[in-house]
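As structure tokens, the structure follows; a few thoughts come after it.
Computed from the coordinates by the stated procedures, all read-outs in this text should not be read as laboratory data. Note that the coordinates shown come from a computational prediction; the quantities given were computed from them, not determined experimentally. Here Cβ is always computed from backbone atoms with ideal geometry, including for glycine, and neighbour counts include all displayed protein chains.
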Amino acid sequence: MKLAKAIQEKVDALTDVPDAWARGVMKLQPSILLRLQKLTAALTTDANGVIVMDVANLARVDTIIADLQRFLSASDYRGLVAGLADEFTLQQTRTIAYFEAASGIAPTVSTFASASYAKSATASISNIALNVPTVYLTEPIRNSLLEGISTGSSYSDLLTNIQTIVTGSDTVEGNLLRYSRQIVSDSLAITDRQFTGIIADDLGLEWYLYAGGKMKTTRCFCDVRNGLYFHYKEIEGWGRGEGVGSCGFPWAGMYSGTNESTIFAFVGGYNCQHSLLPVSEAIVPDADIQKAKLKGYIS
């Protein structure tokens, strides 16, 4: 595989996979909303359409949430998660293909590198399968139901609130779509970068290409570095707030745990779809090598 193609496939996946996930969640939203509309019809209301403030309605909340959880576990959400697990496996393959294209020789992937990737991928998939729908969908729905019953709101207002949580409004996306897309994006990117960094260390590579292109959402930190080469010592400095320039420290979107070690995994921060690609010094422009010498990174 040619190097340019290997880079493109590896980098594109960090955008394509979250986008495909988002499309899948959007397709699922109407069925979730329909299910909730049927479930909440069991709530008792008075002649004016106001939810009755009684113990029976409060008890129905647990039944509604339990049914919603069963519905999600048996719905297309489960299929989305399975497809995402496959993408984690494919991304590992893309990364190995990148190293092979860059050097002409398939890299020896250590047992630690493989185990680290597997652990990170498994934890990410488990979180997205179980915790994400609970935190961003079922619990907000539970809270909306309890609030509606405890305050004696109208049934129509309750349905409006539920619809906003599930499918969003003219100004905001549904909870599951909005939050899970970023979690999928960050989980895949960080897992991939950690794996890439371990192999780079094993191969003794010291130079990185900041890759990923520019989008409308590209923030300052990535914008000024995209397409350029950097020595790992300079990258470590960013994590300490050194050489970040006008983007500031912390820069927009930076993870709070960013330091000289985690910068290689976190890169630009939340929802960052750029990569630090390890490269041979042989392809680094001479001007960048001279700059690294002047800064004392290399002799």
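Size of region 114-196 along its principal axes in angstrom, Cα-based, largest extent first?
Result for region 114-196: principal-axis Cα extents of 55, 25, 12 Å.
Per DSSP H run of at least 4 residues, take -39500 (n - 2.57); add these up for the chain, divide by its residues and hand me the 222 nm value, nearest 500 deg cm²/dmol.
After summing the helix terms and dividing by residue count, I get -20500 deg cm²/dmol.
Would you pull out the residues with amide H under 5 Å of residue 168's amide H, same chain only if 5 or more places away, H placed 1.01 Å from N?
174, 175
Show me 16-25, 271-280 ranked by packing, highest mean number of other Cβ atoms within 10 Å first. Intermediate results must be reported in sequence, preceding the final value.
Values: 16-25: 18.1, 271-280: 21.5.
Result, highest mean Cβ count within 10 Å first: 271-280, 16-25.
For region 231-241, what does the Karplus curve 6.51 cos²θ - 1.76 cosθ + 1.60, with θ = phi - 60°, yield as ³J(HN,Hα) per residue in whole Hz, taken in order and with x for Gly and Pro?
6, 4, 5, 5, 5, 4, x, 4, x, 9, x
How large is ³J(HN,Hα), in whole Hz, for each residue of region 51-58 in order, when computed from phi with the Karplus curve 6.51 cos²θ - 1.76 cosθ + 1.60 and θ = phi - 60°, using x for Gly and Pro?
Those phi angles translate into 5, 5, 8, 9, 5, 4, 5, 4 Hz.
When all C-alpha to C-alpha distances in region 159-199 are sorted into bins of 10 Å, what percent of pairs does each bin hold, rounded to whole numbers?
28, 31, 20, 15, 5, 0
Hey, what did region 77-175 get for relative contact order, percent, Cα under 8 Å, at least 6 apart?
RCO, region 77-175: 19 percent.
As I understand it, the value is the acute angle between the Cα axis of helix 155-167 and the longest principal axis of the Cα atoms of the chain; what does it come to in degrees, rounded to 10?
So the helix axis and the longest Cα principal axis differ by about 20 degrees.
If the rule is a partner Cβ under 4.7 Å, which cysteines in the chain fail it?
When partners are defined as cysteine Cβ atoms under 4.7 Å apart, the chain leaves 222, 272 without one.
Across 5 Å bins from the origin, how do the percents of Cα pairs in region 163-268 run, short distances first?
Binned Cα distances yield the sequence 2, 11, 18, 22, 18, 11, 8, 5, 3, 1, 0.
Return the tail of the calculated pair distribution for the chain, meaning the percent of Cα-Cα pairs more than 34 Å apart. Write down the numbers at each step before the final one.
Details: 15620 of 44551 pairs.
More than 34 Å apart: 35 percent of the Cα pairs in the chain.
Counting only C-alpha contacts under 8 Å and six or more residues apart, can you give the relative contact order of the chain as a whole percent?
On the way: 350 pairs, mean separation 64.1, N = 299.
21 percent.
Only sites in a loop by DSSP and with at most 16 other Cβ atoms within 10 Å count here; which GluC sites (Glu not before Pro) in region 184-251 make the cut?
242
So which of 216/295; 5/295; 10/214; 10/216; 2/291 end up more than 25 Å apart, counting from Cα to Cα?
Numbers: 216/295 33 Å; 5/295 33 Å; 10/214 16 Å; 10/216 20 Å; 2/291 29 Å.
Pairs exceeding the cut-off: 216/295; 5/295; 2/291.
Tell me, what ³J(HN,Hα) does each residue in region 96-103 have, in order and in whole Hz, if you take phi through Karplus 6.51 cos²θ - 1.76 cosθ + 1.60 with θ = phi - 60° and put x for Gly and Pro?
5, 5, 4, 4, 5, 5, 6, 10
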